[in-house]
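The values are calculated or read from the model by the stated rules, or taken from the named source; none is laboratory data. Values in this document were obtained by computation on a predicted structure and should not be read as measured data. Here the Cβ positions follow ideal geometry from the backbone for every residue, glycine too, while neighbour counts run over all protein chains shown. Keep in mind that these areas ignore ligands, DNA and RNA; they rest on the heavy atoms of the full protein, side chains included. Shrake-Rupley method; radii C 1.70, N 1.55, O 1.52, S 1.80 Å.
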Amino acid sequence: MEQLFAALEGGLERLNSAPTPEELEAVRVELIGRKGLIAELSKGMGKLSPEERVATGKKLNEAKQTLEAAYEARQAAFKSAALMQRLEAEWLDLTVPPSGLAPGAMHPITQIQTEIEELFVSMGFAVLDGPEVETEFHNFDALNIPPTHPARDMQDTFWVEGGHLLRTHTSPVQVRGMQTFKPPFRMIAPGRVFRNEEVDASHEHTFTQLEGMMVDRDVSIANLTYFMKTLLAKIFGREDVTVRLRPGYFPFVEPGFELDIQCMVCEGSGCPVCKHSGWVELLPCGLVHPQVLKLGGLDPAEWGGFAFGLGLTRLVMMRYAIDDIRWINSGDLRFLNQFGGPRA
Amino acid sequence: MKFSRNWLADYVPGLTADGAELGRQITMRTAECEGVEDHAPQLKDVCVARVESVEPIAGSPNVKAVVETGRYGRKTLVCGAPNCRAGLLTAYWPLGVKKIAGVGSEGMLCAGDELGINRDHNLIVELTDVAVGDPLPGLVPDAVIDIDNKSLTHRPDLWGHFGMAREVAATFGLELKDPTDISLLPSGEPQVNVQIEDFTLCPRFSAVVFENVKVAPSPLWFQYRLQAVGLNPINNIVDITNYVMAELPQPMHAFDADKVPGQTLIARAAKANERLEALNGETYDLDPSMIVVGGLDGPLAIAGIIGGDPSAIGDSTTRIIFEAANWNPVAVRKATVKLKLRTDASMRFEKSLDPENTLRGIARAIALMKLVCPEARLAGGVADVRGPAVAPAPIRISMPWMAKKLGRTIGQNEVVSILEALGFGVTSANGELEVTVPSWRATKDISMDADLVEEVGRIIGYASITPTAPRMDVVPPKINRERAFHNGLRRHLTHVGFTEVHNYSFVADAEARKFGFDPADHLRVLNPIAEDQALLRISLLPKIWKNIDDNRKHFDQFRLFEIGREIHKRPEGLPDEVPHLVAVVYAKDDGVAGLNQLKRLALDLLPEASFRAVAGVRSFEHPARTVAVMAGDTSVGRLFEFHPSFVEVGRAAVLELNLRTMEKLATGRTVAYTAVNKFPSSSFDLAVVVDARALAGDVAQHMPGAVFIEDYRLPDGRRSLLYRLTISRPDRTLTGEEVTAERTRLIEHLRAQGFELRA
């Protein structure tokens, strides 16, 4: 018995110095396992007197607790060391670029078009499409541009076989809108338009416009300005923008306006971007000409409206300070890939 | 169109605004000002000087002159003009001392071009009846306001200074002074016989004869005024016609009366094969769509465009006919296009000028003759022939209506005073205004109430209108499903690594042929910019191929796509514009990853898609790597690799989908949810042995629900296609016997189809 107690004495040291988790386990089994030394000593207690039994029991219990605590401490140390080792071994160069597919980019025209579509849809405007090859009637006559009108000289038209043409503006969709919807209605029509122009850094024969139209009983210049300000604040990501209307001549509106926005580079004090005027010409707009309403099947005595046209290609160029319009339809991924990624 | 600030001020005597302020106000109220430039600012320093003495400079064509300037004292300077002579009164410009031909020159004596008077550069100006040291009479610095012609398209009245002066007067609330004195028109029998053959071609023709005319240069102040607005002074008679054109605006023409046979002018259509040698030295072939001023022997002028050389004013001219006519704007415009000749006159006639201006023009010419050709005498009365005049119907407007259109209230008095300042007649009746349109606004500009909103709005200033949200019904807009579908596709494609391109709709004949498309199947542009942009695309592929060819120079691999319209001819009506999607994966290295990715993409976009062998491949498709993309028996597009002769370096895989078909298939596609089975399922694998070039798609269609696991090549060259079938029942667990029975049934079914199964 005394010998066995002596073994217990050395056990603590053995647990504390076990070199491996396996040896630690072996010492644990030997000392405090189900058939270990403590268990064996407990079995021998029956031969002791009651007084001795109490004293020995207490002693054994204390020894067991001590050994168990030492075992657990040693075991935790092993676990912790193993974890440290693993962590150390798992070093990874996370600066290596990832494999797999990177997202592509939507065309910047698509992006700005989608933004504006979402804005107008939120204000109750429907999005309409029209054909790229149009009739002369829709592109000109129905917009109060009869064959003899000098305004036809202002736009260089591509004519195609069959007497049709490539639409020179998105305005013919106004006519289609009036033919499609019952008033009151609000619509926008983004799309590709064509002008017979030589291409250079600032001229394109193919570009994207967005037409807008609202028809209701009482539509005023004040309403038009409201929507234009809302639109431009959104496009330029501002709380508010300063705009001005000045007279502009377009046969399908009366009165017609050029809408200028206060230059955002110089805030109106004058700089090269605004040619020192403080203003940048942005979009033509106006109240729908009564003749256009009539040709669209609406009674101008009952209905009125406003219309505007926005050059999306130009907006994209302004937004990103793109100096050459030819990039837009170039299909060059060195240009297009720059427009990817989420933006808030 | 250029406007002289000083000229405008002639008709608006109270005007104090400078050129820049005028430019701003005109932009905000009337038409777009493109710029304002000082004209001859040096005139504030220039004065009259007398040449006292002249001596030659050895070895130089110039002379050394001593001049008395009065204002600046006696000066010595170098002058190169051959007319520099002692006693000459001329213009002196004090400039710093500058060494010329070895002589210190204290300033310069000026030629006409140096003072903005005319284009004379050779001779210094010669002055009479002036005092040394005085400013040059009638010549003061001016500002030239350049107005965008396009913004004047609808305003014939603004092609002259008087019209613009009316706008300026209304804008600043100043009085307008009319320069025209109709009482100057002589009465009596005209000395010129005027005839109009067709009043639609020539609504009005007025003329008058002057005799004892001395053709000479105009006075300098007169030349100066024309030069400021870009009209070159010629001689006093021609200058008068240009002056009246730039003033009223009424283009005029002066004939040498002695070269007009029978003193007869006939406004008529040109005859076939008529020709005219014009003032510009060119000879023009005329046709009956053009109008001429004819004489008894043939055309004398192309109406509204240019005069003829044979009847032109020359130095020896002593009798002239002033013509002021009104011409059909469309005929003039068409003639300018045919003749490729636009003139200051034709630009104005195209805009539908006021027929009332012809007599006013004659009256102005008479007044100006007194100033620039005082010797001349009127001969006979004014000839004035016109067609039936139609007075424009008055326009009725109410104040509530005006306020509704403007979006702000406005007092009746304010409306009346604005309209009256602009020359409208206004009477008030029954709470409405009855507005009479003045003749210069009635030719096409103003005909209805909406036009008056603009008149009032622009003069009160649009800045006075507060932006206001409209009252409108809250109605969700109709969704544009096609666009929503396309945008969804765009989002998906960019998420999985494709970049969107936009390509032109034009292709060249050669490009179409290269792809095996018949140019005759394309809609042809009749007036293309270039021959290689003459066809409208019936396929996106030619330009997509170009994208590949361009981008592979910069990238070893890339993915791109386009959503665009194919334009297909139809026998009648507008062509069919069919939206298509083309997606491309290009990689420089060899492999089938691109085709795989596009196959994945096809299934992502169209879950029911299957791939089927095609009967024939197109010339640009890899013959062994092309399949049709099907939805059941509906063809939706193609999946292919570009033929190696089209893409020589690397491989370009292409997925081409008809989005109209795709959208139809996607419409109404819903999720048919079934409850997740509580009972376990059982799986078994089947390996089907096929020939090396069999299609897995042909096997799979006999095993609905089978999941493809592996394509294993056997030693004999055939392939083993491994599929996993998973079966279950919603109400119980399948027994082993049932699973075996199903497996056996399937094996027998496949064998019956001629497939061999691997043990």
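The set of residues from the range B:7-63 being over 30 Å from B:Arg85 (Cβ atoms), among the β-branched types (Val, Ile, Thr), away from every other protein chain (no Cβ under 14 Å) and open to solvent by less than 40 Å² (accessible area, probe 1.4 Å) comprises just one member, B:Val12.
Meeting the requirement of 1 or more residues that are buried (at least 17 other Cβ atoms within 10 Å of the Cβ), the strands (runs of 3 or more DSSP E) wholly within the range B:645-738 are B:651-658, B:682-690, B:719-727. Pairs are defined by a Cβ separation below 6 Å, a sequence spacing of at least 6 or placement on different chains, a first member in the range A:261-287 that is not assigned by TED's automatic domain parsing to the domain that holds A:Ala222, and a second member that is of a type in the set (Lys, Arg); no pair meets this definition.
Just one of A:Leu282, A:Leu287, A:Leu298 is open to solvent by less than 20 Å² (accessible area, probe 1.4 Å), of a type in the set (A, V, I, L, M), within 12 Å of chain B (Cβ to nearest Cβ) and under 25 Å from A:Arg186 (Cβ atoms); which is it? Spell out the reasoning first.
Values: A:Leu282 fails: within 12 Å of chain B (Cβ to nearest Cβ); A:Leu298 fails: within 12 Å of chain B (Cβ to nearest Cβ).
A:Leu287 is the lone residue from the list that is open to solvent by less than 20 Å² (accessible area, probe 1.4 Å), of a type in the set (A, V, I, L, M), within 12 Å of chain B (Cβ to nearest Cβ) and under 25 Å from A:Arg186 (Cβ atoms).
Considering each residue of the range B:384-394 in turn, at least one proves to be over 30 Å from A:Leu287 (Cβ atoms), within 37 Å of the chain's Cα centre (by Cα) and surrounded by 14 or more Cβ atoms within 10 Å (Cβ to Cβ).
Does the range B:552-559 contain any residue that is open to solvent by less than 50 Å² (accessible area, probe 1.4 Å), at the interface with chain A (Cβ under 10 Å from one of its Cβ atoms) and within 16 Å of A:Thr206 (Cα to Cα)? Scanning the range B:552-559 turns up no residue that is open to solvent by less than 50 Å² (accessible area, probe 1.4 Å), at the interface with chain A (Cβ under 10 Å from one of its Cβ atoms) and within 16 Å of A:Thr206 (Cα to Cα). Does the range B:494-516 contain at least one residue that is of a type in the set (Lys, Arg), over 30 Å from B:Pro249 (Cβ atoms), open to solvent by 20 Å² or more (accessible area, probe 1.4 Å) and in contact with a strand residue (DSSP E or B) (Cβ under 9 Å, 6 or more places away or on another chain)? No, the range B:494-516 contains no residue that is of a type in the set (Lys, Arg), over 30 Å from B:Pro249 (Cβ atoms), open to solvent by 20 Å² or more (accessible area, probe 1.4 Å) and in contact with a strand residue (DSSP E or B) (Cβ under 9 Å, 6 or more places away or on another chain). Of all residues in the range A:169-191, count the ones that are closer than 19 Å to A:Phe120 by Cα, open to solvent by less than 30 Å² (accessible area, probe 1.4 Å) and not in a helix (DSSP H, G or I). Of the residues in that region, 9 qualify. Where helices (runs of 4 or more DSSP H) sit wholly within the range B:160-247, none has at least 3 residues that are more than 23 Å from B:Arg333 (Cβ to Cβ) and acidic (Asp, Glu).
In the range A:104-117, the residues that are more than 7 Å from chain B (Cβ to nearest Cβ) reach residues that are assigned to a helix (DSSP H, G or I) and open to solvent by less than 10 Å² (accessible area, probe 1.4 Å) with C-beta atoms within less than 6 angstrom, at least six apart or across chains, in these pairs: A:Pro108/A:Val316; A:Ile112/A:Leu312; A:Ile112/A:Leu315; A:Ile112/A:Val316; A:Gln113/A:Leu312.
Scanning the range B:27-86 for residues that are out of contact with any Lys or Arg (no Cβ under 8 Å at 6 or more places or on another chain), assigned to a loop (DSSP other than H, G, I, E, B), closer than 28 Å to B:Lys2 by Cβ and among the charged types (D, E, K, R) gives a single hit, B:Asp45.
Restricting the search to the range A:87-110, which residues are among the aliphatic types (A, V, I, L, M) and outside any loop (DSSP other than H, G, I, E, B)? Can you show your working first?
Going residue by residue through the range A:87-110, those that are among the aliphatic types (A, V, I, L, M) are A:87, A:89, A:92, A:94, A:96, A:101-102, A:105-106, A:109.
Scanning the range A:87-110 gives A:Leu87, A:Ala89, A:Ile109.
Condition check: open to solvent by 60 Å² or more (accessible area, probe 1.4 Å), within 8 Å of chain A (Cβ to nearest Cβ) and either touching a residue at least 12 places away in the same chain (Cβ under 8 Å) or within 28 Å of the chain's Cα centre (by Cα) (or both). Does B:Arg490 satisfy that?
On the way: open to solvent by 60 Å² or more (accessible area, probe 1.4 Å): no; within 8 Å of chain A (Cβ to nearest Cβ): yes; either touching a residue at least 12 places away in the same chain (Cβ under 8 Å) or within 28 Å of the chain's Cα centre (by Cα) (or both): yes.
No.
Of all the listed residues (B:Arg225, B:Arg204), the sole one being out of contact with any Lys or Arg (no Cβ under 9 Å at 6 or more places or on another chain) and either without any contact (Cβ under 8 Å) to a residue 40 or more places away in the chain or not small (Gly, Ala, Ser) (or both) is B:Arg225.
Identify, from the list B:Ser728, B:Ser720, B:Ser645, B:Ser683, the residue that is of a type in the set (Ser, Thr, Tyr) and under 30 Å from B:Ser619 (Cβ atoms).
Values: B:Ser728 fails: under 30 Å from B:Ser619 (Cβ atoms); B:Ser720 fails: under 30 Å from B:Ser619 (Cβ atoms); B:Ser683 fails: under 30 Å from B:Ser619 (Cβ atoms).
From the options B:Ser728, B:Ser720, B:Ser645, B:Ser683, the qualifying one is B:Ser645.
Which residues, counting only those in the range B:44-75, are of a type in the set (Val, Ile, Thr) and either in contact with a Ser or Thr (Cβ under 9 Å, 6 or more places away or on another chain) or free of Cβ contacts under 8 Å to residues at least 24 places away in the same chain (or both)? First the steps, then the outcome.
Pass one, the range B:44-75, residues of a type in the set (Val, Ile, Thr): B:46, B:48, B:51, B:54, B:57, B:63, B:66-67, B:69.
Result: B:Val48, B:Val51, B:Val63, B:Val66, B:Val67.
With respect to the conditions (1) modelled with pLDDT of 95 or more; (2) away from chain A (no Cβ under 12 Å); (3) touching an Asp or Glu at 6+ places or on another chain (Cβ under 7 Å), B:Lys599 lacks only one, and its number is (3). Filtering the range B:665-683 to residues that are out of contact with any helix residue (DSSP H, G or I) (no Cβ under 8 Å at 6 or more places or on another chain) and small (Gly, Ala, Ser) leaves B:Gly668, B:Ala672, B:Ala675, B:Ser681, B:Ser683.
Within the range B:364-476, which helices (runs of 4 or more DSSP H) (wholly inside it) include 2 or more residues that are more than 14 Å from every other protein chain (Cβ to nearest Cβ)? Can you show your working first?
Values: elements: B:399-406, B:412-421, B:439-442, B:449-460.
The helices (runs of 4 or more DSSP H) meeting that bar are B:412-421, B:439-442.
Check the range B:523-541 and report whether any residue there is more than 10 Å from every other protein chain (Cβ to nearest Cβ) and among the β-branched types (Val, Ile, Thr). Yes, because at least one residue in the range B:523-541 is more than 10 Å from every other protein chain (Cβ to nearest Cβ) and among the β-branched types (Val, Ile, Thr).
Of the listed requirements (1) crowded, with 24+ Cβ neighbours inside 10 Å; (2) touching a strand residue (DSSP E or B) at 6+ places or on another chain (Cβ under 6 Å), A:Thr157 misses just one: (1).
Where residues in the range A:253-272 are acidic (Asp, Glu) and within 30 Å of A:Phe140 (Cα to Cα), which of them is surrounded by the most Cβ atoms within 10 Å (Cβ to Cβ)? Quick ask: steps written out before the conclusion?
Initially, the range A:253-272 is screened for residues acidic (Asp, Glu), giving A:254, A:258, A:260, A:267.
From what is left, the residues that are within 30 Å of A:Phe140 (Cα to Cα) are A:254, A:258, A:260.
Details: A:Glu254: 26, A:Glu258: 21, A:Asp260: 22.
Step by step, filter the range A:253-272, then rank; the result is A:Glu254.
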